[in-house]
Protein chains: 2
Amino acid sequence: MADIQPQNVYDVVVVGGGPAGLMASLCLTTYGFNILHIDERPHPTTAGRADGIQPRTIEVLRNIGGVSTAPVPGGPIVGQPPIGGGGVAKKMISQGVRVYEVAFWDPTPTQKLARTSRAPSCPEFIDVVDNYTLLLHQGLIEHAFLDEIEARRAVLPDAFPTPPNGVFRPYTLQDCRTLPEDASDSLRRTHPVECVIQHADSKANHTIRSRYLLGCDGAKSHVRRCIAGGEVGDGEWQGKITMQGEATDIIWGVLDARVKTNFPDIKYKCLIHSRSEGSIMIIPREANLVRFYVQLQISEGGKVVSVARDKATQDICIERAKKIFEPFELEFGYVDWFSVYQIGQRIASQYTLDDRIILGGDATHTHSPQAGQGMNISMLDMYSLAWKLNLVMKGLGKPEVLLPSYEHERRGVAEELLKFDGAYSRLFSGRGPDAKQLPNGVDPEQFIQMFKQNAFFTSGCGAIYSANALNALPGTEVLKGPHGKAFSPQGVTLVPGQRLTPGRVTRVMDGNNVRLQQEVKMNGAFRIHVFAGDLDATRPALEAFAAFVNSPGSFFNRHRAGAGVRSSVIDGPAALVDNAGGRKSQHVFNPFFTFLTIVGTHWYQWEIDELPSPLRLYRAQVYGDAVFDRRVPEAGTRAPLHCKYGIDMRKGALVVVRPDSYVGAVVDLSEEGWLGLNEYFAGFLQVAPQLPVGGRLKASF
Amino acid sequence: MADIQPQNVYDVVVVGGGPAGLMASLCLTTYGFNILHIDERPHPTTAGRADGIQPRTIEVLRNIGGVSTAPVPGGPIVGQPPIGGGGVAKKMISQGVRVYEVAFWDPTPTQKLARTSRAPSCPEFIDVVDNYTLLLHQGLIEHAFLDEIEARRAVLPDAFPTPPNGVFRPYTLQDCRTLPEDASDSLRRTHPVECVIQHADSKANHTIRSRYLLGCDGAKSHVRRCIAGGEVGDGEWQGKITMQGEATDIIWGVLDARVKTNFPDIKYKCLIHSRSEGSIMIIPREANLVRFYVQLQISEGGKVVSVARDKATQDICIERAKKIFEPFELEFGYVDWFSVYQIGQRIASQYTLDDRIILGGDATHTHSPQAGQGMNISMLDMYSLAWKLNLVMKGLGKPEVLLPSYEHERRGVAEELLKFDGAYSRLFSGRGPDAKQLPNGVDPEQFIQMFKQNAFFTSGCGAIYSANALNALPGTEVLKGPHGKAFSPQGVTLVPGQRLTPGRVTRVMDGNNVRLQQEVKMNGAFRIHVFAGDLDATRPALEAFAAFVNSPGSFFNRHRAGAGVRSSVIDGPAALVDNAGGRKSQHVFNPFFTFLTIVGTHWYQWEIDELPSPLRLYRAQVYGDAVFDRRVPEAGTRAPLHCKYGIDMRKGALVVVRPDSYVGAVVDLSEEGWLGLNEYFAGFLQVAPQLPVGGRLKASF
C-alpha cells in the first residue's frame, strides 16, 4: 500500500479527506475522472465530529446511488443500471438513528426544568421522502463514501492506482498555484494547476499537475492560504481572500457519551435551557451514544461569563451538563469523543480567484455546529461543483458561465446559513438582542418560533438558487428572449433554482411503483421530463417535440461531447430499444441528456411503442401517473403528479432537471417552449464543432 | 475448512441446504441452538430453481431482521437491538426485481396474440407493505441466508465449529431413527434421535445424536424414506408415510435466459396462451434475465400431446417458446439455467411419525412451480416449526400440543396450495374441465378470474390457520371456558390464526415513525399488544392489568424457562429502565413475553413514566397512534390504528401476537380478558416449577 506513489498528472487534485473532499472525489470518480485525493490525517475519522445528515442530503445521497461490483451471470451487461442501488444512502441509514421530533426544555414558574414544547424536525409542509435527520458519527459517513468510491473506481476504465479507498494518506499540501500560459509547455493549456505535496512520514515531495484543484481542507485551509497569500492575523489569513464575519466569546463543549439518566427525552433531539447554568443541546446517536453540546459558562461575582477556552476540559463539560440537567439525574459512562468550539460565523470573501483552484466546505464558511448544517452544506458544495466541472472538462460546458455559477449558487446558501446560525446560536446561548430581559437570557417562545421558521432551510430543502444562466427565472436572458413567455407556465409549482419535489409514478415497462425523483441516478445528464398530460390532447405536440429533438438544430444535437465520451460511469437507461417495427428513428444517443415521459392518461390505455422517437426509446423512463399522493388527495389516482406540479393536462409541459436534481427550466410543451430550451442550453453549453451523423439508433459509448 | 468434523451431539440436525433447511437453520441459530446442517451438494445453488418471494415472505424476512457484526465503540451494548436490521430481506430486495403487475396475453379474433387483461400481482385490498413479488435466483436467496446464519453464529455463545456459513458439505444422510427409551443411556431422554451421515468424498461415516432431526431434503426426501420404510414404487415411497395425489402427463420446460424481443411486456410477469402451440409464463429476473415456463406440447396427427420427458431438451423448449410468442420476435442469448418438470400435486400423508424426526418443505408437498409458491411455503414451514421447537427445547412449551400444531397449521396451507395449484396449472395448460370447448383449451376469462380470486392466497397473506390451542377461535377450549366471552371483542378486525396486519405508529421514546408489525424482531417472544385506547377511560384497566401481570399467578410469571435461559440471541427491548422515581416495580424480566403499548390519546398528552409497570419499563415499545393510514382515511390522525383494528377507544384491547407474527388471541382489556389469556397460555405452555422471586427489576439473561 505504502508503495503506491502519486502520478505526475491528474484531472483534479482534491485536498482534504473529510465529507466535502469525499463528496468531490465520489462525484468526480463517477464522472470518470482520475483524482488525486490527499489527506494529512493517517486514517479516516474514528469518532465524533459532524453527525447530522439532513433530509435533502439523504435525497442527494440516494440519487448518487450505489454501484454493484457483484459478478453478473453470463458476463457484464452493457448499459445496465447497477443492481442494488442503495449505496451510500442505504448504508448510512442502516447504521444511524433518526430524529423526527425536537423537544424544548425550559425552566417554568413551577419547575426547574420542564418540556415546554415539541416540534417535528422536518415539518409536514416540507415535501421530502426522508423526513428526519439521520445521526451517525463522521467516521461512519466517511467510510460509506470511501467504500463507494472504491466500488466506482473498480468500474472506471484506465483508473490510476491508488491506496485502498482512493485517498493518499498522510500527505500534506506544501504549495499550489495556477501557472501562467506558456507555449513551450503544452500541458499548461489543459493542466495549468501545479501543486507540491509531501508524504508526512517520508517527507518525500511530489510535484503534480492537474486541470483543477479543490480545497476541501477545512476552516484552516492551507489551499486558501496558498492562493490568498498574506500574513497570519487574528487567527485569519489576511490576503487576496479574507474570512469575513465575527467570533463571540461564547464557548461550547461537545461530547459523545453513553449516559444513565431519568431524563425522559434522552432519545430526542432536545434544546435545553436551564435557569442560570446555561444551555445544552442533546442528539441521540448510533450505538446508544448521546451527543451533548454544552454551553460552558460560570458565574463570577454574580456575572455570567464563559469558561476560558484553555480551561474547557471534558470534566468541566460533564459537570456543567449535570448542572443544566438538574433536577434530572445524569451519569456519564463511556465517552467516545470530546471537543470545544467557540461560536462565530465567517465566510470567505471569494471561493476562487481563477476558477482553477476552487475552495468549498469549511474552507469557505464556518459557523457553530448546533444547527447540524455544516457537513451537509459542505458536501453539497462539492456535489454542486462536480457536475459543472464534468461538463467543462468534457468540452461541453462553457467554463466562463458554469464555474462562476458554483460560487454564485453556493455562496447564497452559505450566507443564508450564516445569517440563521448567527441569530440561532446567540439566541440559544442566551445572547440574543432581548437577552437581558429574561433571567437566563433565553426567550423560549422566540427561540422555538425561530426554530420552526427555519425548518425548511435546515432540512436542506430550502437551499434555493437565484436566477442565473442555469436557473431560468425572471430576469435571466432566456426569459427576456423571444421565447421567454414559454417559461414557467402559469400554475406550475416547480420553480427553477429549487429541487424537484418527490412523486411516485408507475414505470410502464415493468409496472413498478417508483419515485420519479430517483429514477435517473446522478450520471451527469440533464433530465428532460416530458409531462405529456392527456394524450388525446397532446399527441401532436409530443410528435412535434420529438421531431424537434431529432433535428440537427435541437439542443440535443447541438450540444455533444466528442465521440465516445460518456457522461459518467453510471450508464443511462437500460437499453435504447426500438420496438416500433418499421418506424424509423433519427435518434443518435447523447449521454448528456436523458428523457423521462410522464403520461397523465392512464397507462392501461396506451403503449410505449405508440410514443414518438426518442421518447419511446427510453423505455425504462416512460411512466404512468396514477399513484395516489396524500399531498393531492383531490386528484385520487387520476394524474396526481400532474396535479401536484400544477401541469395542465390538456397542455403538458417540459421540465428540465439539472444533474444535481434542481429544476433548471419549465416550459410549455409547444414550439415556443422547446425553442426556449434551445436558448436555455445555449447559455451555458458549447455547440459541438460537428453535428452527429443521422441514421439509426446507436449507443455512442 | 475440510478439517472441521461434526460433533457427536447436537440440538437439531437439519438435512438439506435449500431454502427450507436454511430457514430452519437461521431460526434455530437465532434461538441459540447448536445445529448440524448438512447438504449433499458440494456448493449452494448457483443458478435457476425457485425465484419468487411473495409479499408475506418478505414481511417474515424483514421480521427476522439482521444482526450487525460491526464493532461498537466502547464495547458491546447488552440488550441493544442490532444496528442496521435489514438483514436477509434488505439484501434480497437490493438484488432482485419486483413484479407489481401481471399481463395476460391470448389470441383474439383479430390478432394472433394480444394483451387481453392486466392485474396487480398483489391487489390493493391486501394490506401488506411490500405489495409485489420479488424475483431473484435461488442462489442469491441461499447466500443471503448463509451470510445471516454466519452473522448470528458469531454472537452465539458456545457455538460448535462449522465450515463457513454453517453448512457441512457434501454430506449425505445414510440413516436416521428415533431410539426407544433406555435407562442405561442417559442421553436418550433428551437426545433420542440418531443419524448416520457420510462425507460424500471421503466416505467417512459419523453417528450423531440430537433432540430433533428436520427433513428438508426435498421431494425425494431421504429422511422421509428412512422413517417411512417401504419399497420404491411408481416413483413414490410406499410405507408408513405415502405421497398422496396425482401427476399428469403435462410437461413443461423452464429456462432462465437473456433475450432480444419486440414483445412489449418482457419485463412483466405474463401469462401467454397461444392459439394452438401451448402456453408460456414469463417472469422478469435480476441481471436482465427472463424466466420462461414453456408448455412442451406438439401436434401429432391432429392431436395435441405433450413432448416426452426424455425428449424435452433446451432446444425444443426454445423452439416452442418462439412459436408461442409469434408474431413477436424472440431471440435467445445467454441461457443461465434449464430444467423440465411434470405437473402434479402430492402431499405427504404425515409430516412426522413421532414429533422427533419432522419433515417440511418439498419433502411434504410437491406441485407445479408456476404459481411461485413452493419455496415460500417451504421456508414458512420451517419458520413456523422453529419457534415451537424453541419453546419445547427450553422446557417452556408443551411438546404434545405445540409439535402437532406444526402439521395441523402447515398442512392446512399446503392443502390449500395443492387445490389451487391443481386447478390453476391444468387451466393454464389448457386441461381444465371446460378445455374441449375452446380452440386452445384455455378460457382466458375463467383463468384470469381464478388468478385474481387467488391473489390473497398466493401473496402469502391468505395463509390462514384454523382453531387450535394457539389460535383462540370459536370452538377452542379457551373460548368454551369461563372467560370465553372476553375473546375477539365485537368489531375487532384482527383474527386469531391470521397475520397481524401492518400499521404505522410513533415510538414515543424517540418520536420515530415506525411499523408496529416490525418493532419486535423474531426473538421467540410472545408480543402482548396493549391497545390502551383513550387513556382517560382506560387508566384503571391498565393499572389493573399491569398489577395482574406482576402477580405470581399471571401467565407472565407462571410460564418461565430456567434461570439464565434466553429466548434468542436477538435481545429484547433496548433496556428495561424504570425512570418513574419512587414507584416500585414488581417486574422480573421474562424473555418469552414482551409488551407493546399503543395509546390512542395523542402522545403529546401523556408521558411514558405515567404508565404502570411493566408497560413503562418497555420504554422502546410504547407508541402513539397518530400516523395517517390511507386505509382508514376517516380516522385522520386520531388513533387510525385503533380504528383499522376495530378497537373501541373507550375500552382498549389486548392482542397476543405469536412469535411468528400471527395473531393468537384478542381479548377485552378487562379482568375477564386477562384471565382468558391465562387460560390461553396454559393451553400450550408449561407452568414453571418454581415461581420467580418478586422484587426489583432485573434482567434474567
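Annotation: of all residues in segment A:270-293 being of a type in the set (Val, Ile, Thr) and away from chain B (no Cβ under 14 Å), the one that is surrounded by the fewest Cβ atoms within 10 Å (Cβ to Cβ) is A:280.
Would it be correct to say that residue A:393 is at pLDDT 80 or above, within 22 Å of residue A:54 (Cα to Cα) and of a type outside the set (S, T, N, Q)? It is false that residue A:393 is at pLDDT 80 or above, within 22 Å of residue A:54 (Cα to Cα) and of a type outside the set (S, T, N, Q). Before we move on, is residue A:225 more than 23 Å from residue A:34 (Cα to Cα), touching a Phe, Trp or Tyr at 6+ places or on another chain (Cβ under 9 Å) and part of a helix (DSSP H, G or I)? Spelling it out, residue A:225 is indeed more than 23 Å from residue A:34 (Cα to Cα), touching a Phe, Trp or Tyr at 6+ places or on another chain (Cβ under 9 Å) and part of a helix (DSSP H, G or I). Residues that are over 16 Å from the mean Cα position of the chain (by Cα), part of a loop (DSSP other than H, G, I, E, B) and surrounded by fewer than 22 Cβ atoms within 10 Å (Cβ to Cβ): does segment A:374-394 have at least one? Checked against the condition, which is being over 16 Å from the mean Cα position of the chain (by Cα), part of a loop (DSSP other than H, G, I, E, B) and surrounded by fewer than 22 Cβ atoms within 10 Å (Cβ to Cβ), segment A:374-394 yields at least one hit. Residue A:616 fulfils the conditions (1) of a type outside the set (A, V, I, L, M); (2) part of a helix (DSSP H, G or I); (3) touching a residue at least 60 places away in the same chain (Cβ under 8 Å) except for a single criterion, (3). When restricted to residues that are out of contact with any strand residue (DSSP E or B) (no Cβ under 7 Å at 6 or more places or on another chain) and either part of a helix (DSSP H, G or I) or not β-branched (Val, Ile, Thr) (or both), segment B:26-55 contains 12.
Quick grid of which residues meet (1) within 14 Å of chain A (Cβ to nearest Cβ); (2) within 21 Å of residue B:137 (Cα to Cα):
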site: B:300; (1), (2): no, no
site: B:304; (1), (2): no, no
site: B:320; (1), (2): no, no
site: B:329; (1), (2): yes, no
site: B:335; (1), (2): yes, yes
site: B:346; (1), (2): no, no
site: B:350; (1), (2): no, no
site: B:356; (1), (2): no, no
site: B:368; (1), (2): no, yes
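If you go through segment A:636-656 and keep only what is at pLDDT 95 or above, small (Gly, Ala, Ser) and not in a strand (DSSP E or B), you end up with A:639, A:646, A:652.
Entry remark, segment B:89-124: residues being more than 9 Å from chain A (Cβ to nearest Cβ), without any contact (Cβ under 8 Å) to a residue 40 or more places away in the chain and either under 25 Å from residue B:498 (Cα atoms) or among the charged types (D, E, K, R) (or both) number 2 in total. Residue B:154 meets all of the listed conditions (1) more than 14 Å from every other protein chain (Cβ to nearest Cβ); (2) more than 23 Å from residue B:66 (Cβ to Cβ) but one, namely (2).
Screening B:260, B:267 for residues that are within 14 Å of chain A (Cβ to nearest Cβ), in a loop (DSSP other than H, G, I, E, B) and in contact with a strand residue (DSSP E or B) (Cβ under 9 Å, 6 or more places away or on another chain) leaves exactly one candidate, B:267.
Name the residue that is surrounded by the fewest Cβ atoms within 10 Å (Cβ to Cβ), counting only residues in segment B:182-200 that are within 34 Å of the chain's Cα centre (by Cα) and not in a strand (DSSP E or B). By that ranking, first place goes to B:189. Among the residues of segment A:328-368, the one identified as basic (Lys, Arg) and closer than 24 Å to residue A:423 by Cβ is A:346. The residues listed here are A:121, A:94; of these, the one that is at pLDDT below 95, among the polar types (S, T, N, Q) and touching a Ser or Thr at 6+ places or on another chain (Cβ under 7 Å) is A:121.
Here's the yes/no breakdown for (1) farther than 17 Å from residue A:429 by Cβ; (2) in contact (Cβ under 8 Å) with a residue 24 or more places away in the chain; (3) surrounded by 21 or more Cβ atoms within 10 Å (Cβ to Cβ):
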site: A:295; (1), (2), (3): no, yes, yes
site: A:303; (1), (2), (3): no, no, no
site: A:316; (1), (2), (3): no, yes, no
site: A:323; (1), (2), (3): no, yes, no
site: A:349; (1), (2), (3): yes, yes, no
site: A:353; (1), (2), (3): yes, yes, no
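Taken over segment A:538-553, residues that are hydrophobic (A, V, I, L, M, F, W, C) and either loosely packed, with under 13 Cβ neighbours inside 10 Å or within 34 Å of the chain's Cα centre (by Cα) (or both) amount to 5. Taken over segment B:163-194, the residue count meeting the criterion of being closer than 30 Å to residue B:140 by Cβ, in contact with an Asp or Glu (Cβ under 9 Å, 6 or more places away or on another chain) and not charged (D, E, K, R) is 9. Within segment A:418-431, is even one residue assigned to a helix (DSSP H, G or I) and within 16 Å of the chain's Cα centre (by Cα)? Within segment A:418-431 (the criterion being assigned to a helix (DSSP H, G or I) and within 16 Å of the chain's Cα centre (by Cα)), the answer is no, since none of the residues qualifies. With B:508, B:520, B:514, B:495 as the choices, which residue is among the β-branched types (Val, Ile, Thr) and closer than 21 Å to residue B:673 by Cα? Result: B:495 is the single residue among B:508, B:520, B:514, B:495 that is among the β-branched types (Val, Ile, Thr) and closer than 21 Å to residue B:673 by Cα. Can you tell me how many residues within segment A:160-195 are modelled with pLDDT of 95 or more, out of contact with any Leu (no Cβ under 6 Å at 6 or more places or on another chain) and aliphatic (A, V, I, L, M)? Residues flagged as modelled with pLDDT of 95 or more, out of contact with any Leu (no Cβ under 6 Å at 6 or more places or on another chain) and aliphatic (A, V, I, L, M) within segment A:160-195 amount to 3. Picking from residues in segment A:603-628 that are touching a strand residue (DSSP E or B) at 6+ places or on another chain (Cβ under 8 Å) and either hydroxyl-bearing (Ser, Thr, Tyr) or more than 16 Å from residue A:507 (Cβ to Cβ) (or both), the one that is nearest to the other protein chains (Cβ to nearest Cβ) is A:604. Going by the conditions given, is residue B:477 touching a residue at least 60 places away in the same chain (Cβ under 8 Å), of a type in the set (D, E, K, R) and away from chain A (no Cβ under 14 Å)? For residue B:477, the condition - touching a residue at least 60 places away in the same chain (Cβ under 8 Å), of a type in the set (D, E, K, R) and away from chain A (no Cβ under 14 Å) - is met.
All conditions but one from (1) in contact with a Lys or Arg (Cβ under 9 Å, 6 or more places away or on another chain); (2) away from chain B (no Cβ under 14 Å); (3) in a loop (DSSP other than H, G, I, E, B) apply to residue A:240; the one that does not is (1).
If you check B:564, B:572, which single one turns out to be among the small types (Gly, Ala, Ser), crowded, with 21+ Cβ neighbours inside 10 Å and modelled with pLDDT under 95? Going through B:564, B:572 in turn, the sole match is B:572. Looking only at residues of segment A:479-516 that are part of a helix (DSSP H, G or I) and among the hydrophobic types (A, V, I, L, M, F, W, C), we find that the one that is surrounded by the most Cβ atoms within 10 Å (Cβ to Cβ) is A:486. Only a single criterion out of (1) more than 14 Å from chain A (Cβ to nearest Cβ); (2) in contact (Cβ under 8 Å) with a residue 24 or more places away in the chain; (3) among the polar types (S, T, N, Q) is not satisfied by residue B:513, namely (1).
Considering only residues in segment B:94-119 that are in a strand (DSSP E or B) and of a type in the set (S, T, N, Q), the one that is farthest from the chain's Cα centre (by Cα) turns out to be B:116.
The values are calculated or read from the model by the stated rules, or taken from the named source; none is laboratory data. Just so it is clear, the model here is predicted, and its values are computed rather than measured. Backbone-built Cβ (ideal geometry, glycine too); neighbour counts: all protein chains shown.
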